[in-house]
1. Enumerate the pairs (first residue in segment 52-71 and in contact (Cβ under 8 Å) with a residue 24 or more places away in the chain and open to solvent by 30 Å² or more (accessible area, probe 1.4 Å); second residue anywhere and among the hydrophobic types (A, V, I, L, M, F, W, C) and part of a loop (DSSP other than H, G, I, E, B)) with beta-carbon separation below 7 Å, excluding pairs fewer than 6 apart on the same chain, so at least 6 apart or on different chains.
2. Could you go through segment 105-125 and let me know if any residue there is in contact (Cβ under 8 Å) with a residue 60 or more places away in the chain, more than 19 Å from Glu65 (Cβ to Cβ) and surrounded by fewer than 15 Cβ atoms within 10 Å (Cβ to Cβ).
3. What pairs come up if the first residue lies in segment 72-93 and is under 12 Å from Ile110 (Cα atoms), the second is in a loop (DSSP other than H, G, I, E, B) and open to solvent by less than 20 Å² (accessible area, probe 1.4 Å), and their beta carbons are under 8 Å apart, counting only those six or more places apart or on different chains?
4. Any idea how many residues of segment 18-40 are open to solvent by 100 Å² or more (accessible area, probe 1.4 Å) and of a type in the set (A, V, I, L, M, F, W, C)?
5. Among (1) touching a Gly at 6+ places or on another chain (Cβ under 7 Å); (2) aromatic (Phe, Trp, Tyr); (3) open to solvent by 30 Å² or more (accessible area, probe 1.4 Å), there is one condition Tyr88 misses while meeting the rest; what is its number?
6. Testing Asn45 on (1) of a type in the set (S, T, N, Q); (2) within 21 Å of Ile16 (Cβ to Cβ); (3) surrounded by 19 or more Cβ atoms within 10 Å (Cβ to Cβ), one condition comes back false. Which one is that?
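The values are calculated or read from the model by the stated rules, or taken from the named source; none is laboratory data. Please read all numbers here as calculations on a predicted model, not as lab measurements. Quick reminder, even Gly has a Cβ in these numbers, built from the backbone with ideal geometry, and neighbours come from all protein chains shown. Ligands, DNA and RNA are stripped out before the accessible areas are found, and what is left, the full protein with its side chains, is counted by its heavy atoms. Shrake-Rupley method; radii C 1.70, N 1.55, O 1.52, S 1.80 Å.
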Amino acid sequence: MKELEFAGDANMHKWILSSCHLLKDPDEWASTLGFFKNKKEAAKNFYLHQTKSIHEGLTKKLNKEQNKKAVLLFKNILGFTGDKSVPYPHMCGTEILLVGISHPDLRDEIYAQILKQLLNNKVDVSRLRLQKLLIMALQC
């Protein structure tokens, strides 16, 4: 199988993600941002790599507790990839995988977040770590 280059054609991969019925509508997701946040910008970048935390999960039908875990998962993804500085990045990756194992209802969220972070990601090290994380998640 050929290696996918996620950073190459972000528009094609963005279209593929936007076709997923499990993901929230970007405009609805952005509408839950705080009063002073740029909702149009957040909706536009819903499917694309970002270096700041998300305010809620990307997938539909998450309850309040799952949404809290989804936000923490994303922070762990940022730490694992180096997009956020943390003392032990590999522990962030371990935590993501453990949540996926112990909470099957969050697996779609984990995959969605990993794919989001792969799209339009210009940092080689971050992309490589995300690809490794995706492979490990698929093997669990």
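1. So the pair list comes out as Lys60/Leu22.
2. Step one: of segment 105-125, the residues in contact (Cβ under 8 Å) with a residue 60 or more places away in the chain are 108, 112, 115-122.
Those still in the list that are more than 19 Å from Glu65 (Cβ to Cβ) too: 115-122.
Add one more test, that the residue is surrounded by fewer than 15 Cβ atoms within 10 Å (Cβ to Cβ), and what stays is 122.
Yes, some residue in segment 105-125 is in contact (Cβ under 8 Å) with a residue 60 or more places away in the chain, more than 19 Å from Glu65 (Cβ to Cβ) and surrounded by fewer than 15 Cβ atoms within 10 Å (Cβ to Cβ).
3. Phe74/Ile54
4. Of the residues in that region, 2 qualify.
5. With respect to (1) touching a Gly at 6+ places or on another chain (Cβ under 7 Å); (2) aromatic (Phe, Trp, Tyr); (3) open to solvent by 30 Å² or more (accessible area, probe 1.4 Å), Tyr88 is out only on (1).
6. Unmet condition: (3).
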